[in-house]
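> Here's a structure for you.
The values are calculated or read from the model by the stated rules, or taken from the named source; none is laboratory data. Remember, predicted model here, so these are calculated numbers, not experimental data. Backbone-built Cβ (ideal geometry, glycine too); neighbour counts: all protein chains shown.
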Amino acid sequence: MGDPRSFQDPSDVERFTSCTTAGPMFVDVKDGKIVRVDPISFDPEEVDSWQVDVNGKTYRPPLTLPLLPWGQAYKAMQSTETRVKYPLKRRDWDPDGERNPQNRGITGYERISWDEAYELIVREMNRVRATRGPSGIGYCDSAHTEWGSLHFVFSDVYRFWHMVGGTFIEFTPNSWEGWACGAPFLWGDWQGHGLPAAPDSLQDISRESELIILWGNDPLMHSIYSGIDTARIWQYWRDLGKKIVVVEPFLNETGLNYADKWIRIYPGTDGAMAAAIAYTWITEGLYDQDYLDTHAVGFDDEHLPEGIPAGSSFKAYILGEGEDGTPKTPEWASEICGVEPRVIRALARQWGTRPTSLWCMQGGACRREFAHEFTRMMGTLQIMQGLGKPGVGVQGTCLSISGPYDAKNQVGPTGYADGGMNVVMERYYPNPIPQKITFQKFYDCINDAPQHWQGGHQDNFSADMFLEQMDYPMAGCAEVEFVWLHGSTLTNPPNYQHHLETYRSPNITTFVVTAPWFDRDCRYADIVLPITTVFERQDITEPASVGQYIPPSYVGLRNAIFTQKCVEPAGESKTDLQVYTELAERLGYGEYYIEGNTEETLLRKMYERTSIPLTYDEFKEKGYYVWPQPKDYVECKQFQRFYEDPEGNPLDTPSGKAEIFSKRLYDHYGNHPEIPPVPHFIPEREGHLSAELKEKYPLQMLMAHPKYRFHGKYNDIEWLRENYKVFGPDGYGYEPCWMNPVDAEARGLVDGDIVICRNDRGRVMAGVRVTKRLIPGVAWLSYGAWQDPLSEDVHSIDRGGDGNVLANNAPMSVHHVGGAFNSVLFEVEKADLDALEAAYPEGFAGKYRTWNREG
Amino acid sequence: MKTLLINAGKCIDCRNCQTACKDEFCDNDWSPLAAPQGPRQYWIRIVNEEAGDGDRVRMQRVPLVCQQCADAPCLAAAADGAAYRRADGVVIFDPEKAQGQRAIMDACPYGAVYWNEARNIPQKCTLCAHLLDAGRQPRCVTACPTDALRLVDAADYADDALLPQPIERLRPELGTGPRVLYQDLPRPFIAGETCTGDGAAVLPGVKVTATHQVLGRVYEAVTDEFGDFSLDGVEPGYYAIAFEGAGLTRKTLSNMDAREALNVGSVRLYPLA
């Protein structure tokens, strides 16, 4: 092979290295233009690899690191038409006169100079700071920037806003909402948002687990943050003879490729089936009573906290000895979830007699009404099986599969959660403004203050922080009137049109978006600033750098990448760091932000903190480094120490044990029907059992991630669009709405038909794809397609087909302000394209679409 | 001669192969081996077909690419030497000479050749000949995260007796001598479950024997702990399927249509009288 960097390309290119959220890559450039992007590939000579050997079969991490599907299209991303190349100002936004907030999303933009842009922003910031104070300015980061240590939200963005002060418009851990608000009450782990890290899970599962259950989990396609060698690992487990079972409404990609069994279940009924599994175990003695006696609280009445009456335990609930008097038999569950009792029993018996790896974390089932019950129930099942025992663990779609990791070989601490550039600066600034707006209350706060809520933080460091009531405006703070979005979207808001409506509120006087692409919420901004892509700047990072947030969560050859500057910035685009440096200067903060540094000096200083045994210049030149495998490595799997010695290694719960009965929830809520102290199955308000609403909207909507798009990114990239868009007779690429042949036929629909999907929250157009991969009664409309409203009205039909227009923005329960996104009923019917086009000629011509800057 | 070895069963439809192909060939001019690839062309394309029914559904996938046929119809259809075979076996269309020659595209029975309207030429996979010449692998191969695609020496696979899966060709009946090697191409399967007469319990350990009613070929399986069985890769046709378990009355289902994948659903078995 030789050094992969030394190959002689026929076109004589220069080869750079880069690291994206889709994986690390080589970037070949000629004459300032990208020729190709290739997955990064290490020379076997420079790699000292670990491997896993089980039963004569070996897994060795690959030398060529796989890219996620959109990563392979990054050349197109770099030069797409939607790139923002110059600062833009909405034509009829005049800070000295009419601001015309009602025209956001309607009028077009004009090019302005950077100097004009800075001047406008500084004037507006100074105005708001003088009249309302810093809390009158709200800032928000998009969840999905590229990996980096310097150019990353926790680094340059937070430093600036913490320095000048502002109201943090925060998003929640919405990838695993129900885990974040439920699981910490069961097993602690507030720092990890309820997701326990899973070190050495690759070895443990490979060696010890006999059964793997994917419960609402599709790691193959959704290992988004891990960027790992998922397919080969699952093939390895299959080759080792693991039994793999999928419990899902949708036969997902991991299931299609590797599972032995698909158990079809209706969305939101998982808790009923889980309860029936517990019932089977209890009545047949297929669980670990000894472990429960020493490691858990509240499984049975004998182990309830002091003063709690008998009949309050999980076992009492399951056996029907509690208040509801209903034994949670497989027959009872079957009526709810649609799975045959014999299949529930068969699964329970296998699970109860074999070391089982349960893949349940993240996934759609945790983003629903009462999802904290689902997560506590799933955790409780594994606790009944001796969580921490060899082969018994909890995993998720990402962040929870790990090979050997010794906590030394990493770029950190300047990583995801560690403050980036702040670590190497002289001064550090905590944000002086305590006020926050959770994105799920953005509409209410802006339009209808005061507001009060619970939950909704990006981070919760304790139960008290989670349960604290939030007020808006907070005492001593003002209402927000200036909104700054770092990235073009305020994450992925449910009930999107009602969210967009907020942008037209006169209560927002200034709305700034900084983004590389004119996508998503850009269309509603007053000022848009052009930001560089990952190919146009330098950084130091690790693939799946989010692994520094849950540090062990990377499987593969531990490596660091120098993100080299491959091409010059498009147009006049700048890095966020440059923008914030200039703004700080103009706002009168002098050098306080950048402290005399440049991108290069900051990277040098951050590099000094890594354990990479090269000089900075060597690393920068070479572009990557692969750490050797750890020496004298001792494994320690998830919950292993707790399993072995619960007294010596208590969990971060009040009792130190797994709290199947949460005294904390009991003290806070009593026996609340929406969040009882032991996990229950609670029927959703908008779900499979909502008979009345189902008469109007009979289909349950599934909102699994898009396969060829990164959430809402790259909806415009033709190389990806042609993989999934349904091209109508009008030539337009409609977002697919997948449905079972039974449901299609009942509506007179065939594959390729253009339809309207609707519920009380909105209407979107889509193209039908007929598939047997869905249980009848459930249709899959993904989220993140860019808005293309047919008229000026934000509530008009969205031709773009974003599932979030229909998604549920209700609270999960009294316990949590949001996170019920996926509890959605809707109906699908054939669209009359000719009539729509006649009614909305301008809309069909694209006048209001997201990516139209002209207006 | 180098050729692709494609393990169809390993394809996860990530389409990294297809996108890498576009990355390599769109906007890049590798003439005289290839002019820039036109839009909506898929020099490698994943064909997805759902098989089975109910909760026994599978996705059968075939990466489709130029087969570099031994008796390539495109070569025969080309005039003025517009299509030729290199010494390494790769069939190339000359972007200059192939202008206007739609017959080259029409000749391909695999649908692996595309028409570039703007350039007025047929286009297809070159096996990344320009990279092969530089000692590199085709882009689809290095982009594949499952090892479903590999570049191999055809001679090494002349005898597949020792391989875990036999070597197949894609639609050899077309008679063009396709040279791309495949493994694990889709075939029908017969799947189902066995349960007690009242449907209350699954029945593990039941022996399932499917006999092809014309060829007499026999496939066997034993139901697992879900009472499930699956007979994979069966010869298409009609089957008699027998179920036998300890203490159970033998049951046979005849004339079961497995010309395509078949989910026989739940088969109820009763105790011996």
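> Can you tell me which residues in the range A:16-37 are at pLDDT below 95 and touching a strand residue (DSSP E or B) at 6+ places or on another chain (Cβ under 6 Å)?
A:CYS19, A:PRO24
> Ok, one more. Suppose we filter B:LEU185, B:LEU163, B:LEU151 for residues that are touching a helix residue (DSSP H, G or I) at 6+ places or on another chain (Cβ under 8 Å), more than 13 Å from every other protein chain (Cβ to nearest Cβ), assigned to a loop (DSSP other than H, G, I, E, B) and touching a residue at least 60 places away in the same chain (Cβ under 8 Å); which single one remains?
Just a single option satisfies the conditions, and that option is B:LEU185.
> Mind listing just one residue for me: the one in the range B:188-220 that is more than 13 Å from chain A (Cβ to nearest Cβ) and charged (D, E, K, R) and, of those, nearest to B:ASP153 (Cα to Cα)? Break it down into steps so the answer makes sense when it comes.
Looking only at the range B:188-220, we keep the residues that are more than 13 Å from chain A (Cβ to nearest Cβ), and these are B:188, B:190, B:206-220.
Now restrict to residues that are charged (D, E, K, R): B:207, B:217, B:220.
Values: B:LYS207: 42, B:ARG217: 34, B:GLU220: 36 Å.
Filtering first and then ranking leaves B:ARG217.
> Among residues belonging to the range B:28-39 that are at the interface with chain A (Cβ under 8 Å from one of its Cβ atoms) and without any contact (Cβ under 8 Å) to a residue 24 or more places away in the chain, point out the one that is farthest from A:LYS33 (Cα to Cα).
Only one residue tops the list, namely B:PRO39.
> Could we say that A:PHE16 is in contact with a helix residue (DSSP H, G or I) (Cβ under 9 Å, 6 or more places away or on another chain), assigned to a strand (DSSP E or B), within 14 Å of another protein chain (Cβ to nearest Cβ) and under 30 Å from B:TRP30 (Cα atoms) here? Talk me through it step by step, then tell me what you get.
On the way: in contact with a helix residue (DSSP H, G or I) (Cβ under 9 Å, 6 or more places away or on another chain): yes; assigned to a strand (DSSP E or B): yes; within 14 Å of another protein chain (Cβ to nearest Cβ): no; under 30 Å from B:TRP30 (Cα atoms): yes.
For A:PHE16, the condition - in contact with a helix residue (DSSP H, G or I) (Cβ under 9 Å, 6 or more places away or on another chain), assigned to a strand (DSSP E or B), within 14 Å of another protein chain (Cβ to nearest Cβ) and under 30 Å from B:TRP30 (Cα atoms) - is not met.
> Still on this structure: Could you check the range A:729-755 and list, in sequence order, the residues that are of a type outside the set (D, E, K, R), outside any helix (DSSP H, G or I) and surrounded by fewer than 18 Cβ atoms within 10 Å (Cβ to Cβ)?
Correct list: A:PRO729, A:GLY731, A:GLY748, A:VAL750, A:GLY752.
> Okay, moving on. For the range A:64-82, name all the residues that are crowded, with 18+ Cβ neighbours inside 10 Å and more than 12 Å from every other protein chain (Cβ to nearest Cβ).
Listed by number, the residues that qualify are A:THR80, A:THR82.
> Right, next: What residue, among those in the range B:122-133 that are more than 13 Å from every other protein chain (Cβ to nearest Cβ) and farther than 26 Å from B:LYS10 by Cα, is nearest to the chain's Cα centre (by Cα)?
B:GLN123
> How many residues does the range A:636-670 hold that are without any contact (Cβ under 8 Å) to a residue 24 or more places away in the chain and among the acidic types (Asp, Glu)?
Residues meeting the conditions: 3.
> Now for a separate question. Only one of A:ASN460, A:ASN409 is under 29 Å from A:LEU602 (Cα atoms) and surrounded by fewer than 23 Cβ atoms within 10 Å (Cβ to Cβ); which? Steps first, please.
On the way: A:ASN460 fails: under 29 Å from A:LEU602 (Cα atoms).
So the residue among A:ASN460, A:ASN409 that is under 29 Å from A:LEU602 (Cα atoms) and surrounded by fewer than 23 Cβ atoms within 10 Å (Cβ to Cβ) is A:ASN409.
> Same structure again: Listed residues B:ASP23, B:ASP55; which is buried (at least 16 other Cβ atoms within 10 Å of the Cβ), more than 17 Å from the chain's Cα centre (by Cα) and within 30 Å of A:VAL339 (Cα to Cα)? Can you show your working first?
On the way: B:ASP23 fails: within 30 Å of A:VAL339 (Cα to Cα).
Of B:ASP23, B:ASP55, the one residue that is buried (at least 16 other Cβ atoms within 10 Å of the Cβ), more than 17 Å from the chain's Cα centre (by Cα) and within 30 Å of A:VAL339 (Cα to Cα) is B:ASP55.
For (1) closer than 28 Å to A:ASN822 by Cβ; (2) charged (D, E, K, R); (3) in contact with an Asp or Glu (Cβ under 6 Å, 6 or more places away or on another chain), each residue gets a yes or a no:
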position: A:ILE612; (1), (2), (3): no, no, no
position: A:ASP617; (1), (2), (3): no, yes, no
position: A:LYS637; (1), (2), (3): no, yes, yes
position: A:ARG641; (1), (2), (3): no, yes, no
position: A:LEU651; (1), (2), (3): no, no, no
position: A:PRO654; (1), (2), (3): no, no, no
position: A:PRO673; (1), (2), (3): yes, no, no
position: A:LYS694; (1), (2), (3): yes, yes, no
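> Could you check the range B:81-97 and list, in sequence order, the residues that are of a type in the set (A, V, I, L, M) and in contact with a strand residue (DSSP E or B) (Cβ under 9 Å, 6 or more places away or on another chain)?
First, pick out the residues of the range B:81-97 that are of a type in the set (A, V, I, L, M): B:82-83, B:87, B:90-92.
If the condition is that a residue be of a type in the set (A, V, I, L, M) and in contact with a strand residue (DSSP E or B) (Cβ under 9 Å, 6 or more places away or on another chain), then B:ALA82, B:ALA83, B:VAL90, B:VAL91, B:ILE92 are the ones that fit.
> Identify, from the list A:ASP229, A:ASP189, the residue that is under 25 Å from A:GLU146 (Cβ atoms) and either within 14 Å of another protein chain (Cβ to nearest Cβ) or surrounded by fewer than 24 Cβ atoms within 10 Å (Cβ to Cβ) (or both).
That would be A:ASP229, the only listed residue that is under 25 Å from A:GLU146 (Cβ atoms) and either within 14 Å of another protein chain (Cβ to nearest Cβ) or surrounded by fewer than 24 Cβ atoms within 10 Å (Cβ to Cβ) (or both).
> If you check B:ARG119, B:ARG136, which single one turns out to be among the charged types (D, E, K, R), within 14 Å of chain A (Cβ to nearest Cβ) and surrounded by fewer than 21 Cβ atoms within 10 Å (Cβ to Cβ)?
Numbers: B:ARG119 fails: within 14 Å of chain A (Cβ to nearest Cβ).
Within the list B:ARG119, B:ARG136, the selection yields B:ARG136.
> From the list A:TYR258, A:TYR266, A:TYR287, A:TYR236, exactly one residue is surrounded by fewer than 24 Cβ atoms within 10 Å (Cβ to Cβ), more than 11 Å from chain B (Cβ to nearest Cβ), hydroxyl-bearing (Ser, Thr, Tyr) and under 25 Å from the mean Cα position of the chain (by Cα). Which is it? Please lay out each step first, then the result.
Values: A:TYR258 fails: more than 11 Å from chain B (Cβ to nearest Cβ); A:TYR287 fails: under 25 Å from the mean Cα position of the chain (by Cα); A:TYR236 fails: under 25 Å from the mean Cα position of the chain (by Cα).
Answer to the check: A:TYR266.
> Any residue in the range A:334-343 that is among the polar types (S, T, N, Q) and within 14 Å of another protein chain (Cβ to nearest Cβ)?
So the first thing to find is which residues in the range A:334-343 are among the polar types (S, T, N, Q), and the list is A:334.
Keeping just the survivors that are within 14 Å of another protein chain (Cβ to nearest Cβ) gives A:334.
Scanning the range A:334-343, I find at least one residue that is among the polar types (S, T, N, Q) and within 14 Å of another protein chain (Cβ to nearest Cβ), so the answer is yes.
> Tell me which strands (runs of 3 or more DSSP E) are completely within the range A:435-535 and hold 1 or more residues being of a type in the set (Gly, Ala, Ser), or say none if there are none.
Those strands (runs of 3 or more DSSP E) span A:510-515.
> Condition first: in contact (Cβ under 8 Å) with a residue 60 or more places away in the chain and more than 13 Å from chain B (Cβ to nearest Cβ). Now tell me which residues in the range A:707-735 satisfy that.
Scanning the range A:707-735 gives A:PHE710, A:HIS711, A:GLY712, A:LYS713, A:ASN715, A:ASP716, A:GLY728, A:PRO729, A:ASP730, A:TYR732, A:TYR734, A:GLU735.
> Residue under question is A:PHE826, and the condition is that it be assigned to a loop (DSSP other than H, G, I, E, B), crowded, with 24+ Cβ neighbours inside 10 Å and either modelled with pLDDT of 95 or more or among the acidic types (Asp, Glu) (or both); does it hold?
no
> OK, next. Out of A:ARG586, A:ARG537, A:ARG558, A:ARG609, report the one residue that is under 27 Å from A:TYR714 (Cα atoms) and among the basic types (Lys, Arg). Give the derivation first.
Working: A:ARG586 fails: under 27 Å from A:TYR714 (Cα atoms); A:ARG558 fails: under 27 Å from A:TYR714 (Cα atoms); A:ARG609 fails: under 27 Å from A:TYR714 (Cα atoms).
A:ARG537 is the lone residue from the list that is under 27 Å from A:TYR714 (Cα atoms) and among the basic types (Lys, Arg).
> If the requirement is being outside any helix (DSSP H, G or I) and either on the phi < 0 side of the Ramachandran plot or surrounded by fewer than 18 Cβ atoms within 10 Å (Cβ to Cβ) (or both), which of these qualifies: A:LYS620, A:LYS637, A:LYS605?
After applying the criteria, what remains is A:LYS637.
> Cβ-Cβ distance below 9 Å, separation of 6 or more or different chains: which pairs start in the range A:460-485 with a residue that is in the same structural domain as A:THR131 (by TED's automatic domain parsing) and of a type in the set (Phe, Trp, Tyr) and end on one that is assigned to a loop (DSSP other than H, G, I, E, B) and surrounded by fewer than 14 Cβ atoms within 10 Å (Cβ to Cβ)?
Hits for this filter: A:TYR472/A:PRO450.
> May I ask you to verify whether A:GLY352 is in contact (Cβ under 8 Å) with a residue 60 or more places away in the chain and under 18 Å from A:GLN289 (Cα atoms)? Explain how you work it out, then say what you get.
Numbers: in contact (Cβ under 8 Å) with a residue 60 or more places away in the chain: yes; under 18 Å from A:GLN289 (Cα atoms): yes.
For A:GLY352, the condition - in contact (Cβ under 8 Å) with a residue 60 or more places away in the chain and under 18 Å from A:GLN289 (Cα atoms) - is met.
> Give the number of residues within the range A:536-550 that are in a loop (DSSP other than H, G, I, E, B), at pLDDT 95 or above and surrounded by fewer than 24 Cβ atoms within 10 Å (Cβ to Cβ).
Residues meeting the conditions: 1.
> If you don't mind, another one. Residues B:GLY265, B:GLY227: which one is modelled with pLDDT of 95 or more, buried (at least 21 other Cβ atoms within 10 Å of the Cβ) and more than 30 Å from B:ARG150 (Cα to Cα)?
B:GLY227 is the lone residue from the list that is modelled with pLDDT of 95 or more, buried (at least 21 other Cβ atoms within 10 Å of the Cβ) and more than 30 Å from B:ARG150 (Cα to Cα).
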